[in-house]
Amino acid sequence: MKEYKLWLLISLTLSAFVSISIFEGFVILTLLLALYNLIFKRNFTGSLRIGVSLYTFSTLLSTALYYPPRFLKSVEEGLFQFLYFLKIDKENANKFSRLFPYLMIIIGLVLLPVVLYNFYERKDPKPLWGGSFETGFFFTLFSLTSLTLFIQKRRFSFFLLFLLFIGIVFLSHRRSMILALLVMFYITLIILLRSKIISKKVFIAFNVVFLFSFIGGYTYLSMTDHRFRLLNEIFLGKRKPDYNTLNAISSARLGILRDGIEIIKEDIKEKRVLNLLIGHGVRAGEYMKHKYGAKVHRYESIFVVSEFIERGFLGVLGILLIYFNYFRYMLSFRIRREEDYYTLILAIPLGIHLVQTIFTFFWDALLPLYLVLFRVSEVSREEPQR
């Protein structure tokens, strides 16, 4: 890889936090290179290659057949993920991996006053673009980056940033990101423990610190978010967990889930084999039935149902393969050298995304970035050829 690809990766990363329009411009440029690598250099490599391919194929084909007005959106949701096939050599992968964590810390410190200002002035903790969802994701990443750097460098300033960034995650009120923070925190900590970087006593100490942070965050959410108040009333026996209560707690996802299941049942009953195989196309909720929930552009509930409607069996299979290969990669990860700390951090963004999609849907505007970062992590860990 020439030096320009290194700068392209840096530009792609920085633009993701500055402007979604600029980011998509860099995505298109990077995609052209990735397609060239794939077609002419046959760079069909990486543990996620089958999953990404199935997901992209079902997204493009189902939309072209069943909802052509949204085909350009299917390119964004499907073909853009082929950034994963960008050819990256090990030397520049290592260079980028060493730079990435410090970019995250700097960006986190820059975005912090922006988010706090928007929260106190507008009651909307949003960063430079997007809303509270992006804030939750960004600061989950910043917190886990700070944790890993603290373990590596033993600098207390990184530990303080870890706690500060956790607070912003709870400030975002995004339950999916709190879940992602919880899961990826423990995966990171288990990797450090199994790599014998931290002792069992340190592992327990981090659990205690995180537990108190979590209790503090949950207490804040219980005072400011009606969904958490309803959940607490169920736990305390003050309210029955009936349909209306659960639907309110899930932000109306329970009704949308029932709609999605009805559509799948109808596809099976009518023997719509092609729909069952590749789905009804992206944003299928714009033209399909809504009996129980509000009319929305997509059936946002449990991701398996949401994705099955839009991308069918092949799309869901592709997503499950991405899940399987990602978590297999992480659970087998061991830190044996200094570079492995950086390589681990590069893999974290995709993990955050995968966990938070469990109760939503798989696609995100920044998914191409998460995939290419994971690919850089894979390349950086590869043994040099002899």
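Read-outs: derived from the displayed coordinates by stated rules, not from any lab. What you see is a predicted model; the values in this text were computed from it and never measured. Note that each Cβ is placed from the backbone with ideal geometry, even for glycine, and that neighbours are counted across all protein chains shown.
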The chain: DSSP helices with Cα axial extent of at least 20 Å and average Kyte-Doolittle hydropathy no lower than 1.6: 20-40, 156-171, 175-194
Unsatisfied cross-links (Cα-Cα over 24 Å) in the set K269/K289; K265/K291; K126/K153; K87/K153: K126/K153; K87/K153
Quotient of Cα Rg and 2.2 N^0.38 Å for the chain, N being how many residues it contains: 1.00
Candidate aspartates and glutamates - alpha carbon under 14 Å from K123, same-chain residues fewer than 8 apart omitted: D225
Radius of gyration, Dmax [region 260-347; alpha carbons; angstrom]: 18.1, 57
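Can you compute the FRET efficiency between N244 and R42 using 1/(1 + (r/R0)^6), with r the Cβ-Cβ distance and R0 = 56 Å? Round to the nearest 0.05.
Numbers: r = 55 Å, r/R0 = 0.98.
Rounded to the nearest 0.05, the efficiency is 0.50.
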Equivalent ellipsoid, region 83-166 (semi-axes from 5 times Cα gyration tensor eigenvalues, Å): 26, 18, 9
Residues of type lysines that K240 reaches as a straight line, Cα spacing below 20 Å, ignoring anything fewer than 8 places off in the same chain: none
Gain upon complete extension [K90, R336; 0.36 nm per residue less C-alpha separation]: 86.8 nm
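What longest range of the chain stays clear of loop-exposed GluC sites (Glu not before Pro) (DSSP non-H/G/I/E/B, at most 15 other C-beta within 10 angstrom)?
After excluding every exposed loop site, the longest remaining stretch is 1-269.
Could you list R229, R375, R311 so that the one with the fewest beta carbons within 10 Å of its beta carbon is first and the one with the most is last? Numbers along the way, then the final one.
Values: R229 14, R375 27, R311 36.
The fewest-first ordering by Cβ neighbours comes to R229, R375, R311.
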